[in-house]
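A.B. asks: Sharing a structure with you now.
The values are calculated or read from the model by the stated rules, or taken from the named source; none is laboratory data. Computed from a prediction, not measured in an experiment: that's the story for all the values here. Positions of Cβ are generated from backbone atoms using ideal geometry, with glycine treated the same way; all protein chains shown enter the neighbour counts. Side chains included, ligands, DNA and RNA excluded: accessible areas come from the protein's heavy atoms. Shrake-Rupley method; radii C 1.70, N 1.55, O 1.52, S 1.80 Å.
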Amino acid sequence: MATTKTFDLVIVGVGGQGAILASDIIGKAAVAEGLPVTASETHGMAQRGGAVENHVRIGCKYGSLIPAGGADCLMSMEPLEALRFARYIKQDGVAVINTQQIVPVTVYSQKIPYPELDQIIEIMENVTPNVKAANYTEIAKKAGAAQALNVAMIGAVSKYMPLKPDTLKEVIAKSVPPKTVNVNLKAFDLGRDA
């Protein structure tokens, strides 16, 4: 758990992966613990599988956008998105990356090569030595639903945030559909253990 009460997190992915819900959960958990929080979302073509970018600033006295090189953590729900948004992470920051690829339509239509996963991880390790890459989609499936990817990744990132896991779990239980609460809580625990 982080020792400071400030924490800058950039959450990235593609439309449909639950990045916006993830930032909402983290923001509500910060409020529940009495910490000031600001957030900003960019999700232009998210509904068509486009990039989604969320900034969550816990304990920050400044604006809602995290400057380049200012993020304590980058939570990337898709590996190529980690590369696209790597500029935000601090040199000693943590990059938590889902290794499950979602190949964009432009790659197919324009025959642009999608980098090998090993290349992506190697490049990210040049940005920060703290790269935590795992197939969080599979972890979410083990919990009972691939759609719990966002919550599995919140579990993984929770090790670095100045928020109590129990607070996050309480907010998750209130934020997801009632019939998916158990699956999401299991996804959180599996992601935290991964």
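A.B. asks: Could you point to the residue in Pro165, Asn130, Ser76 farthest towards the positive end of the range 63-167's charge dipole, with +1 and -1 charges on the Cβ of Lys/Arg and Asp/Glu respectively?
C.D. replies: Result: Pro165, furthest along the dipole toward the positive end.
A.B. asks: Another question, then. With a/c under 1.5 counting as rounded, go ahead and sort the range 63-154 into rounded, prolate or oblate using the C-alpha gyration tensor (a ≥ b ≥ c being the square roots of the eigenvalues; past the cut-off, prolate if a/b is larger than b/c, else oblate).
C.D. replies: oblate
A.B. asks: Then there is this: Determine the per residue accessible area of the range 115-194 with all protein chains present and a 1.4 angstrom probe, expressed in square angstrom.
C.D. replies: Per residue, the range 115-194 has 50 Å² of solvent-accessible surface.
A.B. asks: If each residue of separation counts as 0.36 nm, what is the full-extension length gain between Lys5 and Ala68 once their alpha-carbon separation is subtracted?
C.D. replies: Details: separation 63, 0.36 × 63 = 22.68 nm, distance 2.04 nm.
Additional length available on full extension: 20.6 nm.
A.B. asks: Counting other Cβ atoms within 10 Å of each Cβ, which trypsin sites (Lys or Arg not before Pro) in the range 56-155 have at most 11 and sit in a DSSP loop? Don't skip to the end; give the middle numbers.
C.D. replies: Numbers: sites: Arg57, Lys61, Arg84, Arg87, Lys90, Lys111, Lys132, Lys141, Lys142; in loops: Lys61, Lys111.
Sites meeting the loop and neighbour criteria: Lys61, Lys111.
A.B. asks: Could I ask something else about it? For Lys174 and Tyr114 in one chain, what is 0.36 nm times their gap in residues minus the Cα-Cα distance, to one decimal in nm?
C.D. replies: Extra length from Lys174 to Tyr114 when fully extended: 17.8 nm.
A.B. asks: A further question on this structure: Determine the percent antiparallel among the DSSP beta bridges restricted to the chain, to the nearest 5.
C.D. replies: 50
A.B. asks: Please give me, ordered by residue number, the GluC sites (Glu not before Pro) of the range 65-155 that lie in loop per DSSP and have at most 12 other Cβ atoms within 10 Å.
C.D. replies: Values: sites: Glu81, Glu116, Glu122, Glu125, Glu138; in loops: Glu116.
Taking the range 65-155 and a limit of 12 other Cβ atoms within 10 Å, the loop GluC sites (Glu not before Pro) found are Glu116.
A.B. asks: Give me the percent of the accessible area of the range 24-99 that comes from carbon and sulfur atoms, probe 1.4 Å, all protein chains in place.
C.D. replies: 51
A.B. asks: If you work out Rg and Dmax of the Cα atoms in Å from the coordinates, which of (i) 17.1, 54; (ii) 24.9, 94; (iii) 15.6, 49 do you get?
C.D. replies: (iii)
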